[in-house]
Structures are given as structure tokens and as C-alpha cells.
Amino acid sequence: MQENTMGTWDVGPFDNDTAADFSGTLDEAAMDARAGIIRDTLTRVIDTVGYLEAPDSEETVAAATLIAAHCPEGEPTDPVYGPEEQLPDLTSLRELALQALDRVMTEPSELMELWDESDGGPWRAQIRNLRNVLTPQMPGEQLSLI
């Protein structure tokens, strides 16, 4: 039996070693460099034509989550493994984040394959929820509570 070496402990966007390290990288970077790091992470994944390695995908999911936290329906990021330092407004990167998540969910993608080998349903639901938050709503699409 092959041992799974993925350093993942849950389905959340920061519930893996790579995303936790990515948070540390952002914390160590100057404030004015953080948005560029996130943009470069997303662009690198979007531009990947062949096999997409899991660490790149894990960083992308973490980056997309940081962007979603700035959206109206976004939730705060993980207080333990997410970045501790303040981030600039990242909402201008929403479309890039959506494109990058689409690439993570398109074959060939190692992270998607790894989740297919286990119970990937909760992880896929988390990605769908993230995409929903990142997708801008048109004014007429908002639900009325009255």
C-alpha cells in the first residue's frame, strides 16, 4: 500500500503544510509586496499547461481564500495557519483567483487526484463555496430578505 505523503490534516484552505508556509512567506514580505506574491501565485497556476503539482494548487487555494476574505460574503482567514500580518485589499484579483481555481480543478491536477483518492467531497464543496464568494454578484442577483 502506498503511503500518502501529503501534509494535509483537513479540507480547509490552510489545513496543509504548503498553505501554512505560504502564509509565513506573506508575513515575511513587505506590505507592498504581498499582493504581488498572491498575483504571481495565481498567474503561475493559470499558465501551467501540463501537470499541475499539488503544492502550487495548495498555494492557489490559500491565495484565493485570502482574496475571498475581502469580498462581501467572505469569511476571515484561519487565525492559526493563515497570515498574521495585514494584507492589502485584494478584491481586484477576484477574476484571477477564479481562473486559477478552475485550473486547479482541471486535469491534470495532482491535488485533485489526491483528493479523488480519499473522501474529496468536502474539499470539492469548499472549493465551490470559495468560487461562489469570489464570483461578483450583479445588483439584481442579491437575495431579498423581505
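Quick notes
- Furthest towards positive pole of dipole, Thr25, Pro76, Tyr51, structure part the chain, Cβ charges: Pro76
- Looking at the chain, the accessible area is 57 square angstrom per residue; that uses a 1.4 Å probe and ignores ligands, DNA and RNA.
- Label of the coordinate-derived value, Cα extents along the principal axes in Å, listed as (1) 65, 39, 32; (2) 60, 28, 21; (3) 55, 38, 31: (3)
- Normalised contact order of the chain, rounded percent, pairs of Cα under 8 Å and 6 or more residues apart: 28 percent
- Spacing of the two label points (7 Å from each Cα toward its C-beta) at Thr106 and Ser118, in nm: 2.6 nm
- 222 nm mean residue ellipticity, helices alone, for the chain (DSSP H n ≥ 4; -39,500 (n - 2.57); rounded to 500): -16000 deg cm²/dmol
The values are calculated or read from the model by the stated rules, or taken from the named source; none is laboratory data. Owing to the predicted nature of the structure, the values given are computational and were not obtained by experimental measurement. Don't worry about glycine lacking a Cβ; one is built from the backbone with ideal geometry, like all the others, and counts go over all protein chains shown. Calculation scope for accessible area: heavy atoms of the full protein, side chains included, ligands and nucleic acids excluded. Shrake-Rupley method; radii C 1.70, N 1.55, O 1.52, S 1.80 Å.
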